[in-house]
Each structure stands twice: as C-alpha cells, then as structure tokens.
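**Q** Shown below is the structure under consideration.
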Amino acid sequence: MASSTLRLSSSSCSRQINSVIHVPKLPKVIPYFSIPKIPTTKPVEELNLRDGFKRIVPVEKISTAPIHDKSPNSDATAATTQLYAILEAVADRVEMHANIGKQRENWNTLLLNSVNMITLTAATMAGAAAIGGAGMPLLALKLSSTLLYSAATGMLLVTNKIQPSQLAEEQRNATRLFRQIQTQIQTMMALGSPSKEDVKSVMEKVLAADKAYPLPLLGAMLDKFPAKFEPSVWWPSNQQIQKKNKSSEGKQRGQKNNGWSEEMEVEMREIIEVVKRKDIEDYERLGNLVLKINKVLAISGPLLTGIAAVGSAFVGNASWAAVVAVAAGALGSAVNAFEHGAQVGMVFEMYRNCAGFFQLLQESIEVTLEERDLEKRENGELFEMNVALKLGRSLSNFKELARKSASSRIDGTAIDEFASKLF
C-alpha cells in the first residue's frame with residue numbers, strides 16, 4: 001500500500017515536471033525577415049546614383065580612345081577653346097581700359113581745377129601784399145604766394161607732360177577697339193568652325209592693340225609731343241602677299257569671280273586716291289597744327305606761373321613785382337584753362353585716331369586688290385558694302401564718288417568732296 005502510494009506520487013511528480021519542461025514548437029519566423037543583399041554596383045554606377053543621374057554608364061563602356069585626336073573636328077575644337085580663352089582676355093582688357101579711362105578723365109578735371117584755384121589764390125595774395133602789407137603780414141603773404149605759385153608750376157609741369165585728356169582719349173579708343181575685337185571673335189565662332197589661322201590672326205590683333213594703347217604711364221607711355229604728327233597704328237603689319245604672273249591675272253580678270261569685276265577694282269582705286277588726297281592729308285594738316293598749339297601751351301603755362309613766383313618774391317621791394325606776379329598768374333591760369341579745359345591733347349589724339357582709321361582703310365583696300373587669286377579675296381560685293389559703310393555712304397553714293405574722282409583726275413582739277421561723311 002505504501003509502495004503503491006509512493007509510485008503514484010513519483011509518477012505524478014514526473015508528469016508535472018514533464019508538463020513544465022515541455023514547450024510547444026513555435027513556427028519559423030526567419031523566412032519573414034529577408035536579409036538585404038550586398039549591392040554589386042560598380043564605382044561609376046554608385047557615383048551616378050549618388051549624384052542623381054538617371055542613366056548609369058558601366059565601367060566597361062568607358063571610352064579609352066586617345067586624347068590627342070588629329071581629326072579636323074579636334075583641330076576646330078582646339079581653335080574654339082583657344083578663341084574662348086582669348087575672348088576672356090579681351091573682355092578683361094575692355095573692363096580695364098574703361099576703368100582707367102574714367103580715372104584719367106577725373107585726373108584732368110581735378111588737376112585743372114586744383115591748379116587754377118592755387119594760381120588764383122596766389123595772385124590774390126600777391127595783390128593783397130602789394131596794397132597795404134608791411135612787416136610780418138607782408139612777409140607771410142609774399143611767402144604764401146611764392147609757395148603757391150611754385151606748387152602750381154610743378155603741378156603744371158607734370159600735368160602737361162602726361163596730358164590727362166589725351167590719356168583718357170587713348171583709353172576710350174582702346175576700349176572701343178577691344179570691343180570690336182570681342183565682337184569679331186564672337187562672330188567668327190558663330191559663323192563656323194574656326195581654324196588655327198584665325199586664332200593666330202586674333203592674337204596678333206590683340207598684341208598690336210596692346211602696343212598701340214599701353215596701360216602704364218612709366219616707361220610705356222606714348223610720346224605726347226612727337227617731332228611730327230603720325231597716325232595711330234593699332235593693327236598688325238600685313239603679311240606677304242603672294243603675287244602671280246600676269247598671264248594668270250589676265251585669265252582670272254576675264255571672269256567675274258567671287259563678286260569682283262574690273263569696274264569694281266577701278267572704283268576701289270579711285271576711292272583710295274580720294275582718301276589719300278583729301279581725308280588723310282587734311283587730318284595730317286590739322287594734327288600738325290594742334291600739335292604745335294599744344295606745345296606752345298604746355299610751355300607757356302609753367303613759364304608764366306614760374307615768372308609769377310619770382311615776381312611775388314619781390315613784392316614790396318619793387319614796384320613792378322606786384323604787377324608781374326598778378327598778371328603772370330592770371331595769364332597762367334587762363335592758359336591752363338584753355339589747354340586742359342578745351343582738352344587740346346584729346347583733340348590731338350582724336351586726329352591721330354582718325355588718320356589711323358583712313359590709313360587702315362587704305363591698306364586693307366590695297367592688300368585686297370594686290371591679291372591675284374580672286375577666290376582668296378573677300379567677296380567683292382560684301383567688301384564694297386563694308387567700305388561704303390565705313391565711309392558713311394550708300395552704294396550708289398559710293399560709286400558716284402568714284403566717278404567724280406576719275407573725272408577730276410582726267411580734267412586735272414581737285415575734287416571738292418571728302419571720302420568720309422562720318423568724320
């Protein structure tokens with residue numbers, strides 16, 4: 001009985017333990033969680049995805065072609081790249097010349113007003129000293145007047161040497177010229193594929209313009225008082241023109257090739273004669289006249305203020321001293337006002353630029369006519385239109401001027417008309 005009871009209790013205890021240890025199997029949950037796969041994107045694909053590109057370029061398809069391609073397209077691309085670089089440099093030059101032109105125009109105004117105020121103040125002090133000065137007040141007035149006249153003389157020497165109005169005109173001309181080169185480069189790239197010859201031509205134009213209109217004052221400034229009037233030259237020297245024999249010339253002139261004809265060439269030569277006999281000659285005459293006037297004024301101003309400084313030093317000691325000091329100071333102020341107020345240096349530079357314009361026009365026509373191969377020339381009708389526009393004339397008026405020039409040369413009379421109607 002006792003043994004049976006013990007067996008039952010042990011069996012029941014074992015069942016209880018089994019019921020506690022026994023845990024039902026849970027369903028597998030691992031398939032419901034998918035482990036992300038490691039991406040196998042190539043580095044270029046990853047870069048494209050990161051930057052937001054929609055199209056992925058595989059690494060295998062990256063071109064391994066050589067960089068230095070000698071095809072015509074690569075030459076045109078290289079020329080275009082070089083022209084863009086030159087265009088940036090030209091745009092920078094336009095900005096620099098424009099800024100410096102404004103600065104030097106301010107120089108002319110400030111120096112003109114300052115010198116005139118100093119001169120008139122010195123003359124007033126000299127007159128006041130002569131009226132009733134004595135003792136220390138007389139000495140103070142004399143000394144102040146002498147110092148002011150001396151300062152005005154030094155400032156006039158520097159101002160007349162550099163000619164601020166002429167400097168400003170040089171920078172204005174340079175700005176206009178570089179803007180013209182800038183437009184030519186843009187037109188060249190818009191019309192077609194540029195070549196290495198185009199790049200070389202543009203480079204020569206830029207360097208010639210830099211030489212014609214320098215930026216610095218010391219060491220590179222143009223001579224403001226040359227011995228003789230000479231036109232401005234801002235274009236490169238013409239290259240050697242290949243001349244052909246007369247037989248081929250006659251054969252080509254028998255045809256109306258590339259818009260050219262015998263009659264058009266005769267008209268162009270007549271226009272050259274009018275430009276040389278009337279326009280260039282007139283500007284040379286006016287330029288020499290203005291140059292002489294400017295030289296006289298540049299010497300007279302400092303000379304008069306210097307005489308006034310000497311006269312003011314003797315005020316109170318001699319009766320003539322006050323008259324010399326006041327009169328010379330007034331005349332010096334008037335001369336300075338006329339020279340820099342009327343901007344005589346600017347007028348001289350304007351004449352130089354106009355004479356250079358007509359010289360460039362003459363050389364361009366002569367170089368074009370000396371080219372024997374008509375196909376290598378610029379189109380005749382286009383060239384004629386450009387020349388007529390530069391002279392401010394219509395085509396019919398242009399042809400009429402050529403006929404007048406021819407008839408005047410036959411009759412032995414001088415033509416009474418200038419080639420240009422612009423200036």
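The values are calculated or read from the model by the stated rules, or taken from the named source; none is laboratory data. Every value quoted in this text rests on a predicted model; they were computed, and no experiment measured them. So basically every Cβ, Gly included, is an ideal-geometry build from the backbone, and we count neighbours across all protein chains shown. Keep in mind that these areas ignore ligands, DNA and RNA; they rest on the heavy atoms of the full protein, side chains included. Shrake-Rupley method; radii C 1.70, N 1.55, O 1.52, S 1.80 Å.
**Q** How many nm is it between the label spots at Ala414 and Trp320, if each spot is 7 Å from the Cα in line with the beta carbon?
**A** Inter-label distance under the simple model: 4.7 nm.
**Q** While we're here: Contour minus end-to-end for Leu207 and Asn106, with contour as 0.36 nm per residue of separation and end-to-end as the Cα-Cα distance? If you can, show how the numbers build up before the last one.
**A** Working: separation 101, 0.36 × 101 = 36.36 nm, distance 2.75 nm.
33.6 nm is the gain from fully extending Leu207 to Asn106.
**Q** Here is a follow-up. Full extension from Thr183 to Leu139: what is 0.36 nm times the residue separation minus their Cα-Cα distance, to one decimal in nm?
**A** Details: separation 44, 0.36 × 44 = 15.84 nm, distance 6.41 nm.
Full-extension gain reported as 9.4 nm.
**Q** Compute the distance in nm between two label points, each set 7 Å from the Cα along the Cα-to-Cβ direction, one at Lys295 and one at Ala220.
**A** 2.8
**Q** Through the Karplus equation 6.51 cos²θ - 1.76 cosθ + 1.60, θ set to phi - 60°, convert the phi angles of the stretch 331-348 into ³J(HN,Hα) values in whole Hz; use x for Gly and Pro.
**A** Once rounded to whole Hz, the list reads 5, x, 5, 5, 5, 5, 5, 5, 5, 9, x, 7, 6, 5, x, 5, 4, 4.
**Q** With a cap of 15 neighbouring Cβ atoms within 10 Å, and only residues DSSP puts in a loop, list the trypsin sites (Lys or Arg not before Pro) found in the stretch 343-423. Show your work: numbers first, answer last.
**A** Details: sites: Arg352, Arg372, Lys376, Arg377, Lys390, Arg393, Lys399, Arg403, Lys404, Arg409, Lys421; in loops: Arg372, Arg377, Arg393, Lys421.
Of the trypsin sites (Lys or Arg not before Pro), the ones in loops of the stretch 343-423 whose Cβ has at most 15 other Cβ atoms within 10 Å are Lys421.
**Q** Could you order the peptides 364-371, 340-347 from most to least packed, using the average number of other C-beta atoms within 10 Å per residue? Can you show the working numbers first?
**A** Numbers: 364-371: 15.6, 340-347: 20.8.
Going by the mean number of other Cβ atoms within 10 Å, highest first, we get 340-347, 364-371.
**Q** Averaged per residue, what accessible surface does the stretch 273-324 expose to a 1.4 Å probe, in Å²? Numbers along the way, then the final one.
**A** Numbers: 2550 Å² over 52 residues.
For the stretch 273-324, the per-residue accessible area is 49 Å².
**Q** Still on this structure, please answer the following. What list of ³J(HN,Hα) values in whole Hz, one per residue of the stretch 112-125 in order, does the Karplus curve 6.51 cos²θ - 1.76 cosθ + 1.60 (θ = phi - 60°) give from phi, with Gly and Pro shown as x?
**A** Working through the residues one at a time gives 4, 5, 5, 5, 5, 5, 5, 5, 5, 5, 5, 5, 5, 5 Hz.
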